[in-house]
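Down below is the structure, laid out as structure tokens.
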Amino acid sequence: MEPAAPATASGTWLLGGDLPVNRIGFGAMRLPQHGAALVENAVPMDRDRAISVLRKAVDLGVNHIDTAAFYFSPLRSANELINSALGGPYPDDLVIATKVGPSRDLSGAWGEHARTPAALRAQVEENLRQLGRDRLDVVNLRVLGTDSIAERFGALAEMRRAGLIRHLGLSNITPDQLAEAQAIAPVVCVQNMYGIGVRPEYEEFVRHCGEQGIAFVPFYAIAAAARETGAATTELDEVLAVAEAHGASPAQVRTAWTLHQGPHLLAIPGTGNPAHLAANVAAGSLRLTPEDLALLGRAHRDAAA
């Protein structure tokens, strides 16, 4: 397929009831470095190239960017790149979602998750500073483990009431943790790992979110089991067959399949390559047939066998 369609071709979702976003967005995790993301001693991305990718994304109609203060490599910070490329002022319709919880030191090494209200407040304020904003559009609490998130989510809810945050979301969570959070404050989105052949047991959870008006934002929808290292070197035969039938790439098929799982699914493929960016955005216009979806659905569910 020709990588020329704008992000508007993917359709829109009203995030939190008041923030309209195109369903093809942009994930900034890979922007600060070459190769695998979120590793120590990563090779920094060329600054001008990274900024040009962000500006091209907006030119293509992307108005939903996913980022975090812990997305950085030596010399490059995703938040700082976003601020430099798009701030001063930001486009009126641009929605920036960030995450708090994980922490990394200046070398890039991972530390303990922020668990106290003071630690979470410091992370929120750091995102505000880096992005050059007075209020964050969406803050997702990134969770590690299945223990209670009440104190942490409650701290973010207090910051929302104070006007530092507009909407709250959750990342890497269980259905029980979602219910726990909803008893404290509204949840507008859930970010969990999901894609063809990845976590097929989440199908009911995905539907549950849609029924409640909660956006489901899969991460690693293209990379799948390869996770931070990028797209896998081998691909499922079913994905390859559908890609060939549509003149599309396997990555585009994976993105399109994600969007076909419900109107509340938001894709956030990330890249530092302008050509890949255009192809990712174009995937929003790829319409899979019922036969395609049946074939890919079987492949997805067979992964759990």
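The values are calculated or read from the model by the stated rules, or taken from the named source; none is laboratory data. Please read all numbers here as calculations on a predicted model, not as lab measurements. Here the Cβ positions follow ideal geometry from the backbone for every residue, glycine too, while neighbour counts run over all protein chains shown.
Taking the stated definitions as given, is Arg160 among the basic types (Lys, Arg), in contact with a Leu (Cβ under 8 Å, 6 or more places away or on another chain) and either closer than 27 Å to Ala36 by Cβ or in contact (Cβ under 8 Å) with a residue 60 or more places away in the chain (or both)?
Criteria not met by Arg160.
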Checked Ala28, Ala42, Ala37, Ala4 against criteria (modelled with pLDDT of 95 or more and more than 15 Å from Gly262 (Cα to Cα)); the one match is Ala28
By residue number, the members of the stretch 92-130 that are hydrophobic (A, V, I, L, M, F, W, C), under 26 Å from Leu266 (Cα atoms) and part of a helix (DSSP H, G or I) are Leu120, Val124, Leu128
Over the stretch 1-33, the set of residues polar (S, T, N, Q) and either within 19 Å of Asn140 (Cα to Cα) or part of a strand (DSSP E or B) (or both) is Thr12, Asn22, Gln33
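Scan Gly213, Gly272, Gly197 and give me the residue that is at positive phi, touching a His at 6+ places or on another chain (Cβ under 8 Å) and crowded, with 16+ Cβ neighbours inside 10 Å.
Unique residue meeting the criteria: Gly197.
Taking the stretch 265-289 on its own, how many of its residues are charged (D, E, K, R) and modelled with pLDDT under 95?
0
Look through Ala36, Ala57 and report the one residue that is in contact with a helix residue (DSSP H, G or I) (Cβ under 7 Å, 6 or more places away or on another chain) and part of a helix (DSSP H, G or I).
Criteria check complete, one pass: Ala57.
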Counting only residues that are in a strand (DSSP E or B) and of a type outside the set (A, V, I, L, M, F, W, C), the stretch 163-194 contains a total of 5
From the option list Arg133, Arg142, Arg160, single residue qualifying as over 16 Å from Leu266 (Cα atoms), touching a Pro at 6+ places or on another chain (Cβ under 6 Å) and at pLDDT 95 or above is Arg142
Given the conditions (1) more than 23 Å from Arg166 (Cα to Cα); (2) touching a Ser or Thr at 6+ places or on another chain (Cβ under 7 Å); (3) surrounded by 21 or more Cβ atoms within 10 Å (Cβ to Cβ); (4) not small (Gly, Ala, Ser), every one holds for Leu60 apart from (2)
All conditions in (1) under 30 Å from Arg133 (Cα atoms); (2) surrounded by fewer than 17 Cβ atoms within 10 Å (Cβ to Cβ); (3) modelled with pLDDT of 95 or more are true of Thr174 except (1)
(1) out of contact with any His (no Cβ under 9 Å at 6 or more places or on another chain); (2) surrounded by 18 or more Cβ atoms within 10 Å (Cβ to Cβ); (3) of a type in the set (D, E, K, R) all hold for Arg129 apart from (2)
Scanning the stretch 249-269 residue by residue, those more than 13 Å from the chain's Cα centre (by Cα) and buried (at least 24 other Cβ atoms within 10 Å of the Cβ) turn out to be Gln252, Val253, Arg254, Ala256, Trp257
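Counting just the residues of the stretch 286-305 that are of a type in the set (Asp, Glu) and surrounded by 12 or more Cβ atoms within 10 Å (Cβ to Cβ), which one comes out farthest from Ile196 (Cα to Cα)?
Let us first name the residues in the stretch 286-305 that are of a type in the set (Asp, Glu), namely 291-292, 302.
After this cut, where a residue has to be surrounded by 12 or more Cβ atoms within 10 Å (Cβ to Cβ) as well, the list is 292, 302.
Values: Asp292: 12, Asp302: 10 Å.
Of everything passing the filter in the stretch 286-305, Asp292 is farthest from Ile196 (Cα to Cα).
Let's see how each residue does on (1) modelled with pLDDT under 95; (2) in contact with a strand residue (DSSP E or B) (Cβ under 7 Å, 6 or more places away or on another chain):
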site	(1), (2)
Ala248	no, no
Thr255	no, yes
Leu259	no, yes
Pro263	no, yes
Glu291	no, no
Ala294	no, no
Arg301	yes, no
* To do: For the stretch 63-81, indicate whether the set of residues that are outside any loop (DSSP other than H, G, I, E, B), in contact with a strand residue (DSSP E or B) (Cβ under 9 Å, 6 or more places away or on another chain), polar (S, T, N, Q) and under 27 Å from Arg160 (Cα atoms) is non-empty.
  => yes
Might you let me know whether the stretch 81-93 holds any residue that is at pLDDT 95 or above, buried (at least 23 other Cβ atoms within 10 Å of the Cβ) and not polar (S, T, N, Q)?
-> yes
